[in-house]
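Accompanying notes for the structure given below.
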Amino acid sequence: MTDSMTDSINVRQRRIDEDVFLNELRPQILSVYPKTGAECDLDEAVAYQKSLPDDKNFTKSLAKYRAEGKIGLFPRSGVPVVEREIELLQGLNAVGVQLFPFTTDSYTRNLQLDKAQQGLDESIRTGSAKLNGYPIITHGVKTTRRVVESCVGAFDPRSSRVANSFVGEVAFASGMSAMPNSFFGWIAGYDKLATAEECITTAQYLGRLIGYYAERGVIISTDCHGWLPNGTIPMYINIATQIIEALISAEQGVKSVVPLMNFQGNLAQDVAEIRAAEGLFRKYLDKFGYTDTLIPGLIGNQSSLFAFPRDIGNAYGYINYTAMVAALSPIAACSVKTVDEALGVPSVESHMQTYQSANWIFNVVRQQGISFDSAQIAIEQRMCELAVSAIVDKVLDMGDGDVAVGVVKALEAGVLDSPFSINVNVRDLCMGARDLQGACRYIEYGNLPIPDEVRAYNDEKIRERELAEHRKLGYKTTLADFWSLSRGYIIDPPERIADADADEVTPEIVAAVGKNPPTIVTGTVGVDSHVIGTKIISRVLRETGFNVIALGAQTPAEEFVEAARDNGASAILITSLYGMAQMDLQGFRDKLEAAGIGDILLYIGGNLGVGKHDFADDERAFKALGFDRVYPPDAPVPPSIQNLYDDLKARGVL
Ligand code: B12
């Protein structure tokens, strides 16, 4: 007898019927953009895939790296113009890259195809990239096959939920042979409003499409990213959600799944969690009878979420440390960022130099066949296995064995939860910080089902650091630990902790604001999913006493206007990092005029253009769009609060 909540849940862990897939779901997906949707002929695509050489098959390539004990580089790349993309890929081939995680631009990821076409046309007209990736749906199958055939290697495109199914259709028909089906990645960093049911339904479609190819002898792999770790937390939730993604895909017929292992910075903890992962995946895949779903290898991933060093010295340090962890771990491919990560979409040169450096470490260290073991690794591996099993078992229990139902209930209850996530349905009750050796621990567990033995060990490690630093670890530590690697430390040294304490919003401002709190609207504009910065700013403004309307990430420009008008706001503080803010904010001041709030204070900060460029250009461009103040990337918050106070005072608001 099912309970009423289960009855209200509209997803189940069940394979989609082939007839429903082919005749009901697929036509809907491909009708969104008929121009290239019409190019996706499944049977022709199966034949094309079978005509391609083995280096084009991701599963075979990864298995080959593993068999040879080598590490394949797995760098993200994607630029809008075809010729430039081919140049980049052939350049990557030259430094040994043969696995390509292919970055799709953000407009395509959200099916804003008119904007993708506009950005592509502008990129061709100006000769500089105006999109932050390759608009794969606009280019379509015929053009993308040219890209795929232009180099040696296998492709693994990225998308967000909204376009996931269509991108998969075009990608596989173009000869690409892997794609993440990571719906927890969408909840973490790419989709503000989607419900768990919507995410699972989308993932089941791509799984079914991959299953269709597999039934006809074409093995396409899916890499499992899980809940992206937005912050300094252990990888327990990340690995547990990867396993759940693998189960959802395997039920639809996926025969090859690849765990993506994040490096959070502490060597023993990172190596231990990598060693624990494959056994845990196998345990649950076999538990549900997916014994013929392979794991061709594991991919290492430089954690995608820590702010990156802006100076090249620290950037190389961070990249080479990641390469070292990879070389000492059982992984077959590794995604390292480039030295330009904090600056913008990387240049071809930065791609090349970075990968030569990482390759040096891969080759020199792997050749030595070092067996890297320690008591610390053994403890961390045990903690990981206990915690991940407890989380997956709890989700299965909540779903009475149906993992899809379990996910919906677990998210609602905060049993599945992670900090700094973009999605509004997340409970956001847990938080993490590093311990004295820099390993990631929880300081707030929320409703996570972490076993007592793991909690006891975790809390002991946190207490050790609190005693050493004579302070309680809290939100400020979480933030500092988030930036520490970008500053060349795993945890801040005492002198930096003292400086951080001094770098606060002044009590005078807090007192003045408290008297008559002005309203401030914050958020990240467009379809930009970067949310961590605006979450921090909103929290600091609230702690200063302002009344804050926090709109979060992926907020259309019009919503800022409405929120400011309807709440009588005195200022709007916009964040943008993905590089396309100028397109998103064309005519913004005019829209405010039209709403009768034309003189409102306007601030913007973040990475405001695509790629490495002079901030002075951004300042000029956004001042011309009517912004009062423009802030460079990584601008500290307290000085901007001082500016806000001064400007509001000058306007008689304070
Ligand atoms: C973490 C991260 C992600 C995470 C985001 C997680 C999340 N939920 O927020 C994930 C993995 C999801 C992600 C995705 C993408 N990312 Co990203 N990401 C980063 C990364 C590594 C760190 C950004 C970050 O969070 N920094 C820490 C926060 C706290 O800092 P912040 O946001 O800058 O905010 C601080 C200051 O800037 C300032 N500030 C910010 N806003 C404002 C506003 C005002 C008014 C003021 C006063 C101050 C201020 O105060 C904040 C607090 O200190 C950067 C590289 C880097 N900078 O190191 C790339 C980066 C920003 N990402 C990039 C890109 C392209 C993407 C993608 C678009 C890739 C793609 N094509 O899909 C996708 C996004 C898809 C989408 N729809 O937008 C590019 C941008 C390229 C460019 N502009 O040229 C970067 C630079 C990486 C790169 N080199 O390619 N990303």
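Output the residues belonging to the range 72-91 that are more than 22 Å from the chain's Cα centre (by Cα), without any contact (Cβ under 8 Å) to a residue 60 or more places away in the chain and open to solvent by less than 40 Å² (accessible area, probe 1.4 Å).
Val81, the sole residue that qualifies.
Identify, please: which residue in the range 573-587 is more than 11 Å from Thr524 (Cα to Cα) and hydrophobic (A, V, I, L, M, F, W, C) and is, among those, modelled with the highest pLDDT? First the steps, then the outcome.
Filtering the range 573-587 for residues more than 11 Å from Thr524 (Cα to Cα) gives 579-580, 582-583, 585-587.
When the remaining residues are screened for being hydrophobic (A, V, I, L, M, F, W, C), the result is 580, 583, 585.
Numbers: Met580: 91, Met583: 92, Leu585: 96.
Per the criteria, the residue is Leu585.
Here is a yes/no grid of residues against (1) touching a residue at least 12 places away in the same chain (Cβ under 8 Å); (2) away from the ligand (no atom under 12 Å from the Cβ); (3) open to solvent by 30 Å² or more (accessible area, probe 1.4 Å):
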residue	(1), (2), (3)
Glu444	yes, yes, yes
Ile450	yes, yes, no
Asp499	no, yes, yes
Val531	yes, no, no
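Could you count how many residues in the range 104-124 are open to solvent by 30 Å² or more (accessible area, probe 1.4 Å) and in contact with a Lys or Arg (Cβ under 8 Å, 6 or more places away or on another chain)?
Adding up the residues that qualify gives 1.
Where in the range 1-59 are there helices (runs of 4 or more DSSP H), lying wholly inside it, with at least 1 residues that are among the hydroxyl-bearing types (Ser, Thr, Tyr)? Let's see the steps before the verdict.
Values: elements: 4-8, 26-30, 34-37, 42-51.
Where helices (runs of 4 or more DSSP H) fall fully within the range 1-59 and carry at least 1 residues being among the hydroxyl-bearing types (Ser, Thr, Tyr), they are 4-8, 34-37, 42-51.
Pick from Asp286, Asp292: which is open to solvent by 20 Å² or more (accessible area, probe 1.4 Å), part of a loop (DSSP other than H, G, I, E, B) and over 24 Å from Ile532 (Cβ atoms)? First the steps, then the outcome.
Values: Asp286 fails: part of a loop (DSSP other than H, G, I, E, B).
Criteria check complete, one pass: Asp292.
Would you check if there is a residue in the range 320-343 being of a type in the set (D, E, K, R) and open to solvent by 50 Å² or more (accessible area, probe 1.4 Å)?
If we filter the range 320-343 for residues that are of a type in the set (D, E, K, R), which is where we start, we get 337, 340-341.
With the extra rule that they be open to solvent by 50 Å² or more (accessible area, probe 1.4 Å), the set shrinks to 341.
Yes; the residues of the range 320-343 include at least one that is of a type in the set (D, E, K, R) and open to solvent by 50 Å² or more (accessible area, probe 1.4 Å).
State all residues of the range 320-367 that are under 20 Å from Arg158 (Cα atoms) and more than 16 Å from the ligand (Cβ to nearest atom); if no residue qualifies, say none.
Correct list: Ala332, Ala333, Cys334.
Cβ contacts < 7 Å: first residue touching a residue at least 60 places away in the same chain (Cβ under 8 Å), restricted to the range 635-653; second residue within 13 Å of the ligand (Cβ to nearest atom) and open to solvent by 50 Å² or more (accessible area, probe 1.4 Å), any location; separation 6+ or different chain. Result?
Between residues of the range 635-653 that are touching a residue at least 60 places away in the same chain (Cβ under 8 Å) and residues that are within 13 Å of the ligand (Cβ to nearest atom) and open to solvent by 50 Å² or more (accessible area, probe 1.4 Å), the close pairs are Pro636/Asp503; Pro638/Asp503; Asp647/Asp628.
Among the listed residues Ala272, Ala268, which satisfies the condition of being modelled with pLDDT of 95 or more, open to solvent by 10 Å² or more (accessible area, probe 1.4 Å), out of contact with any Leu (no Cβ under 8 Å at 6 or more places or on another chain) and among the hydrophobic types (A, V, I, L, M, F, W, C)? Can you show your working first?
Details: Ala272 fails: open to solvent by 10 Å² or more (accessible area, probe 1.4 Å).
Answer to the selection: Ala268.
Considering only the range 595-610, how many residues are within 11 Å of the ligand (Cβ to nearest atom) and either in contact with an Asp or Glu (Cβ under 8 Å, 6 or more places away or on another chain) or over 24 Å from Val79 (Cα atoms) (or both)?
First, the residues of the range 595-610 that are within 11 Å of the ligand (Cβ to nearest atom): 601-610.
From the residues that got through so far, the ones that are either in contact with an Asp or Glu (Cβ under 8 Å, 6 or more places away or on another chain) or over 24 Å from Val79 (Cα atoms) (or both) too are 601-604, 608-609.
The total comes to 6.
Between a residue in the range 327-350 that is modelled with pLDDT under 85 and any residue that is among the hydrophobic types (A, V, I, L, M, F, W, C) and within 16 Å of the ligand (Cβ to nearest atom), which pairs come within a Cβ distance under 6 Å, given they are 6 or more apart or on different chains?
Within 6 Å, the pairs are Glu341/Phe308; Ala342/Phe308; Val345/Val610; Val348/Leu88.
Out of the residues in the range 64-113 meeting the condition of being in contact with a Phe, Trp or Tyr (Cβ under 9 Å, 6 or more places away or on another chain) and among the basic types (Lys, Arg), tell me which one is nearest to Asp584 (Cα to Cα).
Arg109
In the set Leu577, Leu573, Leu654, which member is open to solvent by 40 Å² or more (accessible area, probe 1.4 Å) and near the ligand (Cβ under 8 Å from one of its atoms)?
Numbers: Leu573 fails: open to solvent by 40 Å² or more (accessible area, probe 1.4 Å); Leu654 fails: near the ligand (Cβ under 8 Å from one of its atoms).
Going through Leu577, Leu573, Leu654 in turn, the sole match is Leu577.
Quick one: Ala173 ticks every box in (1) within 15 Å of the ligand (Cβ to nearest atom); (2) farther than 17 Å from Pro80 by Cβ; (3) open to solvent by less than 10 Å² (accessible area, probe 1.4 Å) except a single one, so which number is it?
(1)
Exactly one condition in (1) in a loop (DSSP other than H, G, I, E, B); (2) modelled with pLDDT of 95 or more; (3) open to solvent by 20 Å² or more (accessible area, probe 1.4 Å) is not met by Glu504; state its number.
Status for Glu504: all satisfied but (2).
For the range 92-99, check the following and say yes or no: at least one residue is of a type in the set (A, V, I, L, M), assigned to a loop (DSSP other than H, G, I, E, B) and open to solvent by less than 30 Å² (accessible area, probe 1.4 Å).
So far as the range 92-99 goes, yes, one or more of its residues are of a type in the set (A, V, I, L, M), assigned to a loop (DSSP other than H, G, I, E, B) and open to solvent by less than 30 Å² (accessible area, probe 1.4 Å).
Exactly one condition in (1) under 23 Å from the mean Cα position of the chain (by Cα); (2) of a type outside the set (Val, Ile, Thr); (3) not in a loop (DSSP other than H, G, I, E, B) is false for Arg542; which is it?
Result: Arg542 fails condition (1) only.
Considering every residue within the range 466-480, establish whether at least one is within 16 Å of the ligand (Cβ to nearest atom), surrounded by fewer than 24 Cβ atoms within 10 Å (Cβ to Cβ), among the basic types (Lys, Arg) and outside any loop (DSSP other than H, G, I, E, B).
yes
What's the number of the only condition in (1) in contact (Cβ under 8 Å) with a residue 40 or more places away in the chain; (2) part of a helix (DSSP H, G or I); (3) buried (at least 17 other Cβ atoms within 10 Å of the Cβ) that Val521 fails to meet?
Result: Val521 passes all but (2).
For residues that are open to solvent by less than 10 Å² (accessible area, probe 1.4 Å) and touching a helix residue (DSSP H, G or I) at 6+ places or on another chain (Cβ under 6 Å), scanning just the range 188-199, find the one that is nearest to Arg76 (Cα to Cα). Step through it out loud before you land on a result.
Initial filter on the range 188-199 (open to solvent by less than 10 Å² (accessible area, probe 1.4 Å)): 188, 194, 199.
The next check asks that each one be touching a helix residue (DSSP H, G or I) at 6+ places or on another chain (Cβ under 6 Å); those that pass are 194, 199.
On the way: Ala194: 25, Cys199: 23 Å.
My answer is Cys199.
Pairs under 8 Å by beta carbon, first residue surrounded by fewer than 24 Cβ atoms within 10 Å (Cβ to Cβ) in the range 215-227, partner in a loop (DSSP other than H, G, I, E, B), six or more apart or different chains?
Glu215/Gly253; Val218/Ser177; Ile219/Asn57; Ile219/Ser177; Ile219/Lys255
The values are calculated or read from the model by the stated rules, or taken from the named source; none is laboratory data. Computed from a prediction, not measured in an experiment: that's the story for all the values here. Cβ: placed from backbone, ideal geometry, glycine included. Neighbour counts: every protein chain shown. Just the protein is used for accessible areas: all its heavy atoms, side chains included, with ligands, DNA and RNA removed. Shrake-Rupley method; radii C 1.70, N 1.55, O 1.52, S 1.80 Å.
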